[in-house]
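Chemist: One structure, pasted below without further comment.
The values are calculated or read from the model by the stated rules, or taken from the named source; none is laboratory data. In this text, all values refer to a predicted model and were calculated from it rather than measured experimentally. No Cβ is skipped: glycine too gets one built from the backbone with ideal geometry, and neighbour counts run over all protein chains shown. We work out accessible area using only protein heavy atoms, side chains counted, and drop any ligands, DNA or RNA first. Shrake-Rupley method; radii C 1.70, N 1.55, O 1.52, S 1.80 Å.
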Amino acid sequence: MSLPADLHMHTPLCRHAAGEPVDYARCAVEAGLTEIGFSDHSPMPRDDFDDWRMLDRQLDEYVAKVRLAQREFPQLTIRLALEVDYLPGHESWIRALAARHPWDYFIGSVHYVSESWDIDNPAKLSEWKKRDAFAVWQAYFDRLTLAAASGLFEIIGHADLPKKFGIRPQQDCTPLYEKFLAAAAQAGCAMELNTAGLRKDCKEIYPSRPLLQLAFQKNVPVTFGSDAHAPGEVGMNFADAVALARSVGYTESCRFRQRRREFVSF
Ligand SMILES: [Zn+2]
Ligand SMILES: [Zn+2]
């Protein structure tokens, strides 16, 4: 039984990750992985939108770095992808991005619940104190549902990201999960098990077991991602993620080539 592909990792172009793609690839081989995918933070229509992504003019450089890793590690399958921020109104920008290179897949992620608040940004933690936690989760899952339904993404990233800092609403979030998962199932969009949550205050894989259980019931497929921002994080805690996925019933995960999906047992 081999480890599932690690489909979520970054490069220094996003300005908050360390190590070149070749370094991530070397670590992947050492960790016993047979397939990885780079999914760095995509450019925005405006380069000054924020300071934690590659600039638009760096997109070709990004692709070249991934191609270099592919050439240096022929024994490892290395996919070319992006983690794309979903904001309502950005659909045509995302379609244009998709046309610029032969991507293997897009991870659609919601970090922004408004034009200016990226809820996982530690520098903006004080924003959480100004708002009702449930209202934030509602706004977040409304966008995540739109992202899943958009057909722009093969995978939805870190589905319950609002738990990152351990701030959780008192209310039952099941209806929010149901709406999002119905959209994902309808669109044939996968959800990732992202082990980065284990390295954050929430100390839990994204998504939580209840959300993953519902996903299995609704036939939403899964992928695995370390969300590595350093080479040493590649494949991190994959045994835990595989155990969690198995415990709710999953036996296979997806991988992608040229935006076509394939299922692999794990
Ligand atoms: Zn990042
Ligand atoms: Zn992300």
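Chemist: So which helices of the chain fit the span-like rule, where a helix is a whole DSSP H run, its Cα atoms reach 15 Å or more along the axis, and its mean Kyte-Doolittle is at least -1.0?
Modeler: Details: long enough: 59-72 (20 Å, -0.61); 133-149 (24 Å, 0.81); 174-187 (20 Å, 0.35); 238-248 (16 Å, 1.22).
Long hydrophobic helices here: 59-72, 133-149, 174-187, 238-248.
Chemist: Along the charge dipole of the chain, Cβ charges K/R +1 and D/E -1, which of 135, 58, 80 sits furthest on the positive end?
Modeler: 135
Chemist: Continuing with this model, one more query. Once you have a ≥ b ≥ c as the square roots of the Cα gyration tensor eigenvalues for segment 113-193, tell me rounded if a/c is under 1.5, and otherwise prolate or oblate according to whether a/b is larger than b/c. Please report the intermediate quantities before stating the final value.
Modeler: Numbers: a/c = 2.17, a/b = 1.66, b/c = 1.31.
Prolate.
Chemist: Are any of the pairs 164/218; 65/200; 130/200; 130/163; 163/218 more than 20 Å apart by Cα-Cα distance, and if so, which?
Modeler: 164/218; 65/200; 130/200; 163/218
Chemist: Among 148, 33, 10, flag the residue with its Cα farthest along the positive direction of the charge dipole of the chain, charges on Cβ as +1 for Lys/Arg and -1 for Asp/Glu.
Modeler: In the chain, that residue is 148.
Chemist: Now for a separate question. Once you place label points 7 Å from the Cα toward the Cβ at residue 199 and residue 219, how far apart are they in nm?
Modeler: It is 3.6 nm.
Chemist: Additional query: Please name whichever of 96, 195, 254 sits farthest to the positive end of the charge dipole of the chain, dipole taken about the Cα centre and charges placed at Cβ: Lys and Arg +1, Asp and Glu -1.
Modeler: 254
Chemist: While we're here: Which percentage, to the nearest 5, of the DSSP beta bridges contained in the chain is antiparallel? Please report the intermediate quantities before stating the final value.
Modeler: Working: 8 of 31 bridges.
Of the beta bridges lying entirely in the chain, close to 25 percent run antiparallel.
Chemist: Could you compute how much accessible surface residue 52 exposes when probed at 1.4 Å, giving the result in Å² to the nearest 10?
Modeler: Taking all protein chains as shown, residue 52 has close to 30 Å².
Chemist: For segment 67-164, which trypsin sites (Lys or Arg not before Pro) are both in a DSSP coil and crowded by at most 12 other Cβ atoms within 10 Å?
Modeler: Values: sites: 67, 71, 79, 95, 100, 124, 129, 130, 131, 143, 163, 164; in loops: 130, 131, 164.
Passing sites in segment 67-164 are 130.
Chemist: Here is a follow-up. Express the accessible area of segment 185-248 per residue in Å², computed with a 1.4 Å probe while the remaining protein chains stay in the model.
Modeler: Numbers: 2380 Å² over 64 residues.
The answer is 37 Å² per residue.
Chemist: May I pose another question? Over the C-alpha atoms of segment 197-261, what are the Rg and the largest Cα-to-Cα span, Dmax, in Å?
Modeler: When restricted to Cα atoms, segment 197-261 yields Rg and Dmax of 12.6, 35 Å.
Chemist: Follow-up question, since we're still on this one. Can you work out the accessible area per residue across segment 34-90, with the rest of the protein chains kept in place, probe 1.4 Å, in square angstrom?
Modeler: Working: 2280 Å² over 57 residues.
Spelled out: the 1.4 Å probe surface of segment 34-90, per residue, equals 40 Å².
Chemist: So, one more: Ignoring any ligand, DNA or RNA, what whole percent of the accessible area of segment 80-217 comes from carbon and sulfur when the probe is 1.4 angstrom?
Modeler: Working: 2730 of 5230 Å².
The C+S portion of the solvent-accessible surface of segment 80-217 is 52 percent.
Chemist: Moving to a separate point now. Relative to the Cα centre, what is the charge dipole magnitude of the chain, using +1 at the beta carbon of each Lys and Arg, -1 at the beta carbon of each Asp and Glu, and rounding to the nearest 20 debye?
Modeler: Details: 31 positive and 36 negative charges, 79 e Å.
Magnitude of the dipole: close to 380 debye.
Chemist: Have a look at the chain and give its Rg and Dmax from the Cα atoms, expressed in angstrom.
Modeler: That works out to 17.0, 50 Å for Rg and Dmax.
Chemist: Excluding residues on the same chain fewer than 8 positions from residue 203, give the aspartates and glutamates whose Cα lies under 15 Å from its Cα.
Modeler: List returned: 120, 160, 227, 240.
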